[in-house]
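Participant: Here you go, one structure.
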Amino acid sequence: MSRPPARKQENHKISRELFVLTYGALVAQLCKDYEKDEDVNICLDRMGYSIGIRLIDDFLARSAVKKCRSYSETTDMIAQVAFKMYLGVTASVSCTSAAGNEFSLILDKNPLVDFVEELPAERASLCYCNLLCGVIRGALEMVHLAAEVTFLQDRLKGDAVTEIGITFLRKAEDRKHKR
Amino acid sequence: MADETLFLLLHNEMVAGLYRAAEQGEGENGRCTTKLESMGFRVGQGLIERFTKDTARFKDELDIMKFICKDFWTTVFKKQIDNLRTNHQGIYVLQDNKFRLLTQMSAGKQYLEHAPKYLAFTCGLIRGGLSNLGIKSIVTAEVSSMPACKFQVMIQKM
């Protein structure tokens, strides 16, 4: 190959930027189409859900991970493996409930907002990255784990970090082998 | 690469979502293609800026088109354009025999009527890229048999 190796890294970065820019254009278009922030958030979540139910197949095929035996293993998998694979960043996980079914992922660096400086004043309650919530929810549902996923903190709205909360809806119990 | 999957899924979801909303709303089908094209335009403008930061100045129009066919297409779609034709009077036809966004859809004539929806974004991408390189153009696409498609670029003399 006559191209220097540095070029490959750049190209890799650019194809990720393609995704980020496309996402930004999508959010901008949705903001034009819908007046209320809530509608945009719901639309993003729904789109994320459709993407998530398909993405899980790709994830499982690429990563060939073993079956997760507990909710905390599942959340770790999402934060360490899935985020790294698709967004190039890892999130840190913490369990926020005694029952062991509520977790939060903390993202220091959110690549989706690389080109966003701040939300416009009239869109103060827009969850810019709501697609991520939908993706996680859809993916979990396809592996038979019902969950509620929301944004607890958002750097774009002035909080210190970006935090995603995952609440698994069934009681945490010992999961036996199903196959 | 994993990035490609994400973009592919997002793109398909965008097309589906926009058309779904149009069906439930006013039913103006033509607007969806325009919306997708203008989204592609914005993305193309931004992307070409990041991409050509360090490259040398382009000699002429043909050089720019070759750049789009080789480097730009390779970065975005992981392959080069298979065939570039021109009449040297401002019309270029870019042919991709295995267009990445259509390969998963069908391999022949099935779903041919839905193919144009999935090409609108890419037309905008090309138009946006060219616009930020100083070329005003109109880009259209046609598909006769998936996954091969042709993008026609008409340069507008200002």
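Participant: Using only alpha carbons, build the gyration tensor for region B:49-140 and give me the equivalent ellipsoid semi-axes, biggest first, whole Å.
Facilitator: Equivalent ellipsoid of region B:49-140: 25, 14, 13 Å, largest first.
Participant: Run the helix sum for the protein assembly as shown: -39,500 (n - 2.57) per DSSP H stretch of 4+ residues, divided by residue count, reported at 222 nm to the nearest 500 deg cm²/dmol.
Facilitator: -14500 deg cm²/dmol, from helical runs alone.
Participant: Helix B:2-24 sits at what angle to the longest principal axis of chain B, using alpha carbons and giving 0 to 90 degrees rounded to 10?
Facilitator: Roughly 50 degrees between the two axes.
Participant: With θ set to phi - 60° and the Karplus curve 6.51 cos²θ - 1.76 cosθ + 1.60, what are the ³J(HN,Hα) couplings of region A:95-107 in order, to the nearest whole Hz, using x for Gly and Pro?
Facilitator: Listing the rounded values in order: 8, 10, 9, 5, 6, x, 10, 10, 10, 10, 9, 10, 9 Hz.
Participant: Please name which of B:Thr86, B:Phe151, B:Thr34 has its Cα lying farthest along the dipole of region B:4-155 towards the positive end, using unit charges on Cβ (Lys, Arg +1; Asp, Glu -1) and the Cα centre as origin.
Facilitator: Working it through, the farthest residue towards the positive pole turns out to be B:Thr86.
Participant: Normalise the Cα radius of gyration of the protein assembly as shown by 2.2 N^0.38 Å (N = residues in it) and let me know the number. Each step should come with its number before you reach the end.
Facilitator: Numbers: Rg = 21.3 Å, N = 337, 2.2 N^0.38 = 20.1 Å.
Here the answer is 1.06, to two decimals.
Participant: For chain A, with equal point scatterers placed on the C-alpha atoms only and solvent neglected, what are the log10 I(q)/I(0) values from the Debye formula at q = 0.10, 0.11, 0.20 1/Å, to two decimals?
Facilitator: Each listed q maps to, in turn, -0.43, -0.51, -1.48.
Participant: In addition: Would you grab the residues whose amide H sits under 5 Å from the one on B:Ser137? Only those 5+ places off in sequence or on another chain, please, with H modelled 1.01 Å from N.
Facilitator: B:Gln156
Participant: Next question. Take the alpha-carbon centre of region A:40-107, take the same for region B:68-140, and report the distance between them in whole Å.
Facilitator: Going from one Cα centre to the other spans 34 Å.
Participant: Pick out the long, greasy-scoring helices in chain A: whole DSSP H runs spanning 27 Å or more along their own axis by Cα, mean Kyte-Doolittle at least -0.5.
Facilitator: A:5-33, A:37-63
Participant: Also: Which lysines, if any, have their Cα less than 23 Å from the Cα of A:Lys67, not counting same-chain residues under 8 positions apart?
Facilitator: Straight-distance partners of A:Lys67: A:Lys84, A:Lys171, A:Lys176, A:Lys178.
Participant: Nearest 10 degrees, 0 to 90: what angle lies between the long axis of helix B:29-51 and the longest principal axis of chain B (Cα atoms)?
Facilitator: 40 degrees
Coordinate-derived values only; no laboratory data. Because the structure is a prediction, the values reported are computed rather than measured. Here Cβ is always computed from backbone atoms with ideal geometry, including for glycine, and neighbour counts include all displayed protein chains.
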